[in-house]
1. Just checking, how many residues over the stretch A:202-222 are surrounded by fewer than 22 Cβ atoms within 10 Å (Cβ to Cβ), outside any loop (DSSP other than H, G, I, E, B) and in contact (Cβ under 8 Å) with a residue 60 or more places away in the chain?
2. Suppose we keep only residues that are without any contact (Cβ under 8 Å) to a residue 40 or more places away in the chain and within 14 Å of chain C (Cβ to nearest Cβ) within the stretch B:189-224. Which one would you say is farthest from B:Q336 (Cα to Cα)?
3. Determine, yes or no, whether C:I39 is in contact with a Pro (Cβ under 6 Å, 6 or more places away or on another chain) and within 29 Å of C:G236 (Cβ to Cβ).
4. For C:V269, work out the one condition from (1) at the interface with chain B (Cβ under 10 Å from one of its Cβ atoms); (2) open to solvent by 20 Å² or more (accessible area, probe 1.4 Å) it doesn't fulfil.
5. Which residues, counting only those in the stretch C:102-130, are within 7 Å of chain D (Cβ to nearest Cβ) and aromatic (F, W, Y)?
6. How many residues, within the stretch C:177-208, are loosely packed, with under 15 Cβ neighbours inside 10 Å and under 30 Å from C:V269 (Cβ atoms)?
7. Checking D:V218 against (1) without any contact (Cβ under 8 Å) to a residue 40 or more places away in the chain; (2) under 20 Å from the mean Cα position of the chain (by Cα), which single condition isn't satisfied?
8. How many residues are assigned to a helix (DSSP H, G or I), open to solvent by 30 Å² or more (accessible area, probe 1.4 Å) and either without any contact (Cβ under 8 Å) to a residue 60 or more places away in the chain or at the interface with chain C (Cβ under 8 Å from one of its Cβ atoms) (or both) if we restrict to the stretch D:68-95?
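The values are calculated or read from the model by the stated rules, or taken from the named source; none is laboratory data. Note that this is a predicted model, so its numbers are computed, not measured. Virtual Cβ from ideal backbone geometry, glycine too; neighbours counted across all protein chains shown. The accessibility values were calculated without ligands, DNA or RNA, using every heavy atom of the protein model including side chains. Shrake-Rupley method; radii C 1.70, N 1.55, O 1.52, S 1.80 Å.
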Amino acid sequence: MTADVSIRNATKVFGAFRALDDVSLDIAAGEFIVLLGPSGCGKTTLLSILGGFIEPTSGTVSIGGHDMTHVSPAKRPTTTMFQDYALFPHMCLRDNVGFGLRMRGMGKAERYEKAFSLLDLVGLRASSAKKPHELSGGQRQRVALARALAVDPDVLLLDEPLGALDLKLRRQMQDELKAIQKRVGTTFVHVTHDQEEAMAIADRIVVMNKGRIEDVGTPASIYMRPRSLFSAGFMGEANFLPAKVRGTAANEAEVETALGRVALPASAFVAGLAATGRDVTLCIRPEHFRNGNTDVPTVSLGRGRITGSAFFGTHHRCHVAADGTSLTAHLPQTDNPQIGAELDLRLKADSIVVLQDGAGVVE
Amino acid sequence: MMTKTVSSGFSRRMLLATAAVLVLAPAGAQAQDELNALVWCDHTDPALVEPFEKANNVKVNLKEYEGTGAAISIIEQSRPGDWDVLVIDAVDVPRAIDMDILSEMPADKLPLGDLFPEVRMEETTTKDGKVYAVTEKFGYNTISFDKTKVDPADMDDLSVIWSDKYKGRIALYDYYLPMVGLTGVGIGKKTADLKQEDLPAIKEKLFEMKKVARQVSDVVASQTALATGEVDIVVGGGEWLTAGLSGEKPNLDWTIPKQGALRWAQSIGVFKDSEKQDLALKFVQYIVSPEGQARLATSSCYWAMPANAKAGEHLTDPQKAALRWDKQPEYLKNSQLYPVADADMDAAMQDVWTEMLQQ
Amino acid sequence: MTATAYERAERRKAWAFALPALLWTGFFFLVPFAYMAAISFWTRQGREIVATWTLDNYVAFFEKAHLFKGLVVSLEITAAVTVISILLAYPLAWIIAERVPKKWQRFALIMAILPFWTSYVVRSYSWLLVLSKGGVVNQALLWLGVIAEPLELSANRIGTIIGFVHFFVMLLTLTIYANLIQLSPNYRRAAADLGANAFQTFWFVVLPLTLPGIMVGAFLTFVLCIGDYITPQILGGNNELVLPQVIMLQLGRRADFPMAAALSLVLMVVVTLAYIACARWLKMERT
Amino acid sequence: MRHLTTALAALYAGLIYLFIFLPVVVLVLFSFQDGTLPVPPLNGLTLRWYEAIFSDGKLMAALGNSLIVAIVSSAVACVLGFLAAYAFARYTLPASGLLRGLIVAPMTVSTLIIGLGLLSVLNLTGLRLSLVTVGIGHVVINLPLCFAIIYASMGGHQVNIERAARDLGAKDWQVMLLITAPMLLPSILAAFFLSVTFSWDEFIVAFLLSRFDVTLPVEIWSMLRSGLDPRTNAIGSVVFLVSVAFLVVMELTVFRKKAS
């Protein structure tokens, strides 16, 4: 089962603190949505409002077209998978998974059958008589998933469920989660602060900061075309170069930076072409400082001197000084950058994103 | 799963049990004919009470106390009708009469004439010719000692209790009334005439006693101390302390010194607010009857002389010997009653006693 | 900001859960306590208790030496008991936690507190049998030739203190042990690693870390010890009176409820002061 | 060096254990005293004092009373303590610090004061003194303990577990009965058993608030006041054995399970 979700102007105030500030979001049925942001950004508050654990101070939530704003968690077509799994420590796995069905009055035999099938789904049928404390972290996580799915929710809410796992297990669970989601087709709303995890599993990512949504989009669009400084910075490393618009034409603009004047295509401006005289920021991903491939339009920011370098396996991460500005560049692993060597700061024009200061919140 | 159902069932049973106790307790308490008596510990001997319970098909509830102050506390904390029968120090009967808690008893239905004349105590147990209480048992606060460890001849003089001779081998009985009285007797003051002005002199002697005494203790601790050889003398003791041990510890003895000793007497009466006046009177009659008196005299808590002289017919010779039945005329003559104190005098005596304890 | 219907319902539920306990404590503790406090300002005049609203009882307490001494004696005995009990219990708790093999620790601990489950009254009396002149201890010492004359171990302050220490050694062993096993062995390893010897490790690392546990235990000891009537009554030989004994005298001998109430309040103030001192110390320790 | 300190430790522990067990050993020993005095020297061994206490109707009634009062009052204290702990741990109540302080306040007040105050107020209400009033007093004494123990064990971790249950459709009472209570069972049982122990040996409140039906400590007290008697040692030994048996059962059931 699955359903779409619509959040309209949700605000939540705790005392003097605005945990959620006029947030609106639409989620399609069967979508895997990831709420991404640093701690305190409001993502968990938003999830709790979806789950019904807290009521918004104002705004509405509807699921599958029904208003759910004031409906208790038990009566919502949602279930939550908690960060600490919240497995019932005194019940065996079968009873944990069957609990929701028991609450719905399902008979023992039927309930156990369903619990077994879900434990099968997560590969733990053999351990059904064990208690949670006998399991490893990854296994507990699967039981929590099975328990949440056992009641056939329309929407599954996942509150940083992979946070406690080590990196390798986390990667593996990300894949499994994605696979299971595709299999059951339930709408998943997943909260995390790990942008790699978000990119690994999400159909769409919602970047949040200070109680507001900064950006929404597919992993690729958020990475390549971030719509706010925050979003750009949070999704990975970026160089921010302050600039001023000096002149605009039909589909390009000339901006002045500390590294000289450059002409940029209008498409680089995610919020539309800025007017002359506006302050903007150029956002450049470090891996875009790569030479070669000069058959597409390029922009040059002059030359820089490599002041430090470290090898990261997939690339060399170099600190570059240019005209008093410090930049970071990722050079191909086959390069052999030397400290003191000069670097041509040339990059494809369409790899630059121009953000207007103060802009960012979409919709 | 198991533990869950068991535990919830368990707590449910607990709740039911609580409810049952709360609901049933008062009902159960009123179902049977009962008599509530506030007594000294000697009345709690089943051998004493059971014959009466059987004969009258009644349940006698007994609450024991120690010291009139405690009894008054209990009575003040109760409501009218809570109590039917009261056992109280004979000298404190006027206090109870003043509090208007005792009812008059018909003199012709009590064997007043059979009592030893010295313990009839009309001046305290009656008022305006009406009988409010009747003496039931008496004995002495004097000197108990281990005759193998002390010179019995020394015990004939009361001044031994503050002399240095037995320093550290004396226990004082922890009850201010007889002890203040006994000390008064020791310095030649009659208990009946004791006034507040006499207290400083008595206090001085009490302090001297405290210096030579090893401990000041209640009945059991005194008894233990004497029996274990912790002390060799108990001041304030008497037959009630050592008679019960006579078989086991023949070395323990008691005497009345030449200056005399204190005589205690306990009496029994009926509460004015009792709703069972007849039954309560019946109980009093039983206690002062010769049979009841014999049982009371030898009841388990402590032995002492019955007030009814006819009780002798129901006592065995060894029992009589232990009670020194034959020596009573002499003892009665050489003993004085507890001091009768008004509230101020009582408070002053208690202060003196507490000061002595804190020395 | 007004509460939503949901929040109001939640609050109603919270009150419903908390109220039974609050009402019980309020009605059966707070009201009686307030009543006691009120009575302490009344007096017993002759045969009557009169609602006079005076400070007479409190004045009497400070003026009459034999009443005030009760508090002094109580404080002296309680202080001695607390210190001795901690000094005796700490090494035992340490031995159980450090030297006894893990699987036997529980057993060792249970054995150390087993006599706790004899009747308190009876246990106090059996101390009398142990400590009296002809008692087990004196007999043994005489037989061993350690002493020529029996020691006076009962019917005095020593007896009271021994009786109390017995009880509180059990209690403190339990609380200190609980504290000791919570310490991470890494503290000790770190100290040893940095060159501390066994004593230095104990003195500079283990002891400071267990001080809060000791304080909690000491406070418990203080409260229970200063409020107890039975042990001094049985083992003290009435050679001096502690405050609870003085209180019981007011009740049992005089039926002077107001005076007993006033003395009880004095006792409570002392306990409260001890509690505040202890709480402040613990708070300071934590920051 | 290590051997020396081990030997010293063993010696010290041995001495303290001796100190701890001395009165109990003497108590049990003299309960077999052949003679009416439970004092040294030991004359011989007999079981008659045990016969005497088991055939003493009042004493056995007092034993039964003690058990009933201990179990019922502890159960009430646990239920009230659990509900209150749940309220304070899971909801925000106004002035909750103050209210929590009120619930634990009796813990810092001597039982003498609690007993005296209750006595005077019960007298005003017209409730007759009985085992019920003793039980009321014991709940007052044990409630702070039960509340504190259970409240301390209600961690934030369990909040999510309860949320999960609610999320899966459990109603409030189902959450409490099927999740919270079983989850906290070890601490609830610990609170219960500790309360039973305290109530079982409590003297002053039981003494002040009872009339004719008394609990064991009160019966023992009056037995002691009426004279020396090895029966007191016998009943003391029986109490000890019953408590130890109780302890063993508890150890084998409750704590064993918790440890596994």
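1. Step one: of the stretch A:202-222, the residues surrounded by fewer than 22 Cβ atoms within 10 Å (Cβ to Cβ) are A:203-204, A:210, A:212, A:216-221.
Those left that are additionally outside any loop (DSSP other than H, G, I, E, B): A:204, A:212, A:216-217, A:219-221.
Then drop every residue that is not in contact (Cβ under 8 Å) with a residue 60 or more places away in the chain, which leaves A:204, A:212, A:216.
Qualifying residue count for the region: 3.
2. First, pick out the residues of the stretch B:189-224 that are without any contact (Cβ under 8 Å) to a residue 40 or more places away in the chain: B:189, B:193, B:197-198, B:200-201, B:204, B:220, B:223-224.
Right, trim to within 14 Å of chain C (Cβ to nearest Cβ) and you get B:220, B:223-224.
Numbers: B:V220: 25, B:Q223: 24, B:T224: 27 Å.
Among those residues, the one meeting the criterion is B:T224.
3. Numbers: in contact with a Pro (Cβ under 6 Å, 6 or more places away or on another chain): yes; within 29 Å of C:G236 (Cβ to Cβ): yes.
Answer is yes for this residue.
4. (1)
5. C:W117, C:Y120, C:Y125, C:W127
6. Here the count works out to 0.
7. That leaves (1) as the condition not met.
8. So in the stretch D:68-95, the residues assigned to a helix (DSSP H, G or I) come out as D:68-90.
With the extra rule that they be open to solvent by 30 Å² or more (accessible area, probe 1.4 Å), the set shrinks to D:68, D:71, D:79, D:83, D:89-90.
Applying the additional criterion that residues be either without any contact (Cβ under 8 Å) to a residue 60 or more places away in the chain or at the interface with chain C (Cβ under 8 Å from one of its Cβ atoms) (or both) yields D:79, D:83, D:90.
Selection size over the stretch D:68-95: 3.
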